[in-house]
Amino acid sequence: MDQAQQLRNIIKAQQTRPVSRVIAVTGGKGGVGKSNTAINLAIQLQRMGQRVIILDADLGMANIEVMFGAIPHYTLYDLLYKGMHMRDIITWGPEGIGFVSGGSGITGMSNLSREYLEYIIQNLAELDAMADIIIIDTAAGIHDDVKEFLAASGEVLVVMTTDPASITDSYSLLKALSLHSRFSTESTLIKVITNVVDSEEEGRVLFSKLNRVVQTYLKIPLEYLGSVPRDKELSDNVKQQIPISIANPKAKSAQSYERIANVLMNKEMNQKLKKRGMAAFFSHIVAGKKYQ
């Protein structure tokens, strides 16, 4: 039996457990507000009764812990190589939201033995039982690790701004993802958030520009989730390491995040959604690193 089949068998054994909804938040370039989006959506979803955990996969940047004002004692590396359990490496931030720091652990996944894989997958299945939604904050751009995370996620949220470079880079990101050997529009839904816009109309026009070129050349279905307005109060609170949804829930940006969270939870929109869970997410990445 080859390693790929072993992975499938391990996942099959976990299928009786709860499966979380895995959402990857990404951006074609840095500075578009990706991590801010991940955190504020997590807060809004948690307030709607969802149990949310964030995986900070932006290696070396540690944006989530900085914005939450909570420093993790352990990372995914400690789970992979030091025998710690998933529950031990979760750091709990404001309003009961957990987050896991990727550390340098993610980069070493391609060298794991079968015994390690079984251990990690069992732990990640435990994470599925602890969270209804897992938000993955990826690095910006089209690095190999980013493409792996996106192809393995059930949902991808692309954050873009009015900067012309952001539109170009978002298209480049989607093009690179479309060429990934294991990306499928049947198992991964692509959704777009326009950020730092002056009006809702500007946000819709921005999405239409991206959607037009994507449908012409890539044929990838895109869903528009909504926009987040330009908000000085949000920028000020980032500097103070307080998410705007906590600092001032009535701020126009916080209310936009609340509306987007409601769209994400809309039953009609989610009819096509196929939950993968974190165990399947991890196995998808490891198998790809070994066999693509």
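The values are calculated or read from the model by the stated rules, or taken from the named source; none is laboratory data. Bear in mind the structure is a predicted one, so any value in this text is a computation, not a measurement. Heads up, the Cβs are rebuilt from the backbone with ideal geometry, glycines too, and the neighbour counts pull from every protein chain shown.
Can you find even one residue in segment 13-36 that is at pLDDT 95 or above, surrounded by fewer than 24 Cβ atoms within 10 Å (Cβ to Cβ), among the basic types (Lys, Arg) and in a loop (DSSP other than H, G, I, E, B)?
The answer is no, given that none of the residues of segment 13-36 is at pLDDT 95 or above, surrounded by fewer than 24 Cβ atoms within 10 Å (Cβ to Cβ), among the basic types (Lys, Arg) and in a loop (DSSP other than H, G, I, E, B).
Could you list, ordered by first residue, the pairs with Cβ atoms under 6 Å in which the first is in segment 265-292 and at pLDDT 70 or above and buried (at least 16 other Cβ atoms within 10 Å of the Cβ) and the second is acidic (Asp, Glu) and assigned to a helix (DSSP H, G or I), at least 6 apart or interchain?
Going by the 6 Å Cβ cut-off, the qualifying pairs are 277/128; 278/128; 285/148.
Restricting to segment 91-115, and then to whatever is in a loop (DSSP other than H, G, I, E, B) and modelled with pLDDT under 90, can you tell me which residue is surrounded by the fewest Cβ atoms within 10 Å (Cβ to Cβ)?
Residue satisfying both the conditions and the ranking: 113.
Can you pull out every residue in segment 144-168 that is at pLDDT below 90, surrounded by 21 or more Cβ atoms within 10 Å (Cβ to Cβ) and not hydrophobic (A, V, I, L, M, F, W, C)?
Scanning segment 144-168 gives 147, 148.
Surrounded by 14 or more Cβ atoms within 10 Å (Cβ to Cβ) and closer than 30 Å to residue 124 by Cα: is that true of residue 179 in this structure?
no
Is it the case that segment 122-136 has a residue that's at pLDDT below 85 and assigned to a loop (DSSP other than H, G, I, E, B)?
no
Quickly run through segment 140-155 and pick out the residues that are within 19 Å of residue 63 (Cβ to Cβ), out of contact with any Gly (no Cβ under 8 Å at 6 or more places or on another chain) and not acidic (Asp, Glu).
Hits for segment 140-155 are 143, 146, 149, 150, 153.
Just to be sure I understand, how many residues within segment 169-195 are at pLDDT below 95 and not hydrophobic (A, V, I, L, M, F, W, C)?
Total meeting the criteria: 8.
Within segment 184-207, take every residue that is within 18 Å of residue 263 (Cα to Cα), among the charged types (D, E, K, R) and within 23 Å of the chain's Cα centre (by Cα) and give me the one that is surrounded by the fewest Cβ atoms within 10 Å (Cβ to Cβ).
204
Any idea which of (1) surrounded by fewer than 16 Cβ atoms within 10 Å (Cβ to Cβ); (2) in contact with a Leu (Cβ under 7 Å, 6 or more places away or on another chain); (3) modelled with pLDDT of 85 or more is the one residue 88 doesn't satisfy?
Residue 88 satisfies every listed condition except (2).
Listed here are the residues, each with its yes/no results for (1) assigned to a strand (DSSP E or B); (2) surrounded by 14 or more Cβ atoms within 10 Å (Cβ to Cβ); (3) of a type in the set (D, E, K, R); (4) at pLDDT 70 or above.
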{"site": "44", "(1), (2), (3), (4)": "no, yes, no, yes"}
{"site": "49", "(1), (2), (3), (4)": "no, no, no, yes"}
{"site": "53", "(1), (2), (3), (4)": "yes, yes, no, yes"}
{"site": "78", "(1), (2), (3), (4)": "no, yes, yes, yes"}
{"site": "117", "(1), (2), (3), (4)": "no, yes, no, no"}
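Give segment 146-200 a look and list any residue that's β-branched (Val, Ile, Thr) and in a helix (DSSP H, G or I), or say none.
Selection gives 146, 167, 168.
Please go through segment 208-221 and give me each residue that is without any contact (Cβ under 8 Å) to a residue 40 or more places away in the chain and surrounded by 14 or more Cβ atoms within 10 Å (Cβ to Cβ), ordered by number.
Listed by number, the list holds a single entry, 211.
Only one of 245, 227 is part of a helix (DSSP H, G or I), of a type in the set (Ser, Thr, Tyr) and either at pLDDT below 95 or surrounded by 21 or more Cβ atoms within 10 Å (Cβ to Cβ) (or both); which?
245
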